[in-house]
Each structure stands twice: as C-alpha cells, then as structure tokens.
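Peer 1: Attaching a single structure in structure tokens format; questions to follow.
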Amino acid sequence: MNFIEKRIVEDGIVKPGHVLKVDSFLNHQIDVALLDEIGKEFARRFENETITKVLTIEASGIAVACSVARELGVPVVFARKSGSVNLDGDTYVAEVESYTHKGTNRVIVSGKYLCPEDRVLIVDDFLANGCALQGLISIVDSAGAEVVGCGIVIEKGFQEGGYRIRNLGFRLESLAIIESMDAQTGRIVFRAQE
C-alpha cells in the first residue's frame, strides 16, 4: 500500500453515489507534507520527460499542480472555470462536464501562457469520467503544444475516465486507483500497481 492509498484508508470517507471524500487532507483542508510527497512522486515518475508547464483546472487541482511544478522547476497554468475581465487576447476554451458538481463548466486558458513549444504535464486530484482531462487535452491541442502525460492523485478505476485517456494514447500515472468502494461498509479496494 503506497502513501496515498494509506491516507485514503485512514481518512477518506466513502459516501453513496461513488463519492470519496478526501477533503480533510487533499481538496478542502490540505496536508502540505502529503502534498510535498505527491509533488516528489510525480516528478520522479515523469523525470525522463522534458516538461515546460504543468496544467490543471481550478480549484482543487491547483495545490497539487503547484507541488508538482515546484519539484519540476516549471510554472503552473490553470484553466479558469469562468470568464474574467483580466483575460484579454487569445484564449483556449473547452466545455467540461463535472462528475462531482453534476454540471458543465466552460474552462478557459489565456493564450499568453500556452504556446506551441510547450511540453505539458496535466495534473489533477481526481479522475472519474475523464471529461476534465479531455477538456485540458483539447486546450493543449488548441495551443499547438504537446501533452507529455497526465498525473492523477486518485483515479476511480471503476469509472471509464482512465480507460478513455489511456485508449487515446496518453500516458496516465495515477497514485491510487480505486477498483471499488462500498458506502455501507466504508471498504475501499485498490488496483495493484507497480
């Protein structure tokens, strides 16, 4: 059992509807020491790639992306979920369905911060149906940049997002892949990984 799986077992809460609450340490209250470990692990996994930017989507992916980017020594760019008067010039836009919030968001990245020379690592806290990752991949494609991989802290392996992304040919590294979880018992089963 790796450090993320252990923390999920200790502090995660399984709710009905295939919801895993990790807000006590990852996406509401943040355990900064754990975040540092996450950043180091993704940097290790992608150490043979030349990465110029880390891309995520607001809001809960930002902390993870910052930790990874610090380890890699590159900037973070995050897709905003709404327009802003500060976004001027060219923008890249994608429509993204949110599994958690049961709605669709229009996400936007300024054209100033992604260019064709960029080699992008996409990072997020969760992967369920894959819509957020697919939206970010389309933004990178629109910029003419290259996706070198995707790093996910917790993948719901019983949903199709991981399959979709891998089937599109992208390298996807998930620190924990949940095969199943039971809200009545709180039991979580992880997929074995190398």
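Peer 1: Could you tell me the relative contact order of the chain? Use alpha-carbon pairs under 8 Å, at least six residues apart, and round to a whole percent.
Peer 2: Once normalised by length, the contact order is 19 percent.
Peer 1: Oh, and also: To the nearest 0.05, how large is the calculated FRET efficiency for residue 193 and residue 95 if R₀ is 41 Å and r is the Cβ-Cβ distance?
Peer 2: E(calc), rounded to 0.05, equals 0.85.
Peer 1: So what is the calculated 222 nm ellipticity per residue for the chain, using -39500 (n - 2.57) for each DSSP H run with n of 4 or more, over all residues, to the nearest 500 deg cm²/dmol?
Peer 2: It lands at -8500 deg cm²/dmol.
Peer 1: Counting only protein heavy atoms, what percent of the accessible surface of the range 1-142 is carbon or sulfur at a 1.4 Å probe?
Peer 2: About 49 percent, which is the carbon plus sulfur part of the accessible surface.
Peer 1: In debye, nearest 20: dipole of the chain around its Cα centre with unit charges on the Cβ of K, R (+) and D, E (-)?
Peer 2: 280 debye
Peer 1: Tell me the net charge near residue 147. Cut-off is 12 Å between Cβ atoms, residue 147 excluded, with +1 for each Lys or Arg and -1 for each Asp or Glu.
Peer 2: Every neighbour counted, the sum reads -1.
Peer 1: Now a separate question. Please give the net charge around residue 3, taking every other residue with its beta carbon less than 14 angstrom from that of residue 3, where Lys and Arg add +1 and Asp and Glu add -1.
Peer 2: -2
Peer 1: For the charge dipole of the chain, defined by +1 on Lys and Arg C-beta atoms and -1 on Asp and Glu C-beta atoms about the Cα centroid, which residue among 82, 114, 57 has the Cα displaced farthest towards the positive pole?
Peer 2: Of 82, 114, 57, it is 82.
Peer 1: Cα extents of the chain along the three principal axes, largest first, in whole Å?
Peer 2: That works out to 51, 36, 33 Å along the principal axes.
Peer 1: All other residues with a Cβ under 12 Å from the Cβ of residue 36 taken together, and with Lys, Arg as +1 and Asp, Glu as -1, what is their net charge?
Peer 2: -2
Peer 1: Still on this structure, please answer the following. If you project the alpha carbons of the range 58-168 onto their three principal axes, what span does each projection cover, largest first, in Å?
Peer 2: Sorted largest first, the three principal extents are 40, 31, 25 Å.
Peer 1: What does the highest-first list of 136-148, 159-171 look like by mean Cβ count within 10 Å?
Peer 2: 136-148, 159-171
The values are calculated or read from the model by the stated rules, or taken from the named source; none is laboratory data. The structure presented is a predicted model; accordingly, all values stated were derived computationally and were not measured. Note that each Cβ is placed from the backbone with ideal geometry, even for glycine, and that neighbours are counted across all protein chains shown. For accessibility, only protein heavy atoms count, side chains too; no ligands or nucleic acids. Shrake-Rupley method; radii C 1.70, N 1.55, O 1.52, S 1.80 Å.
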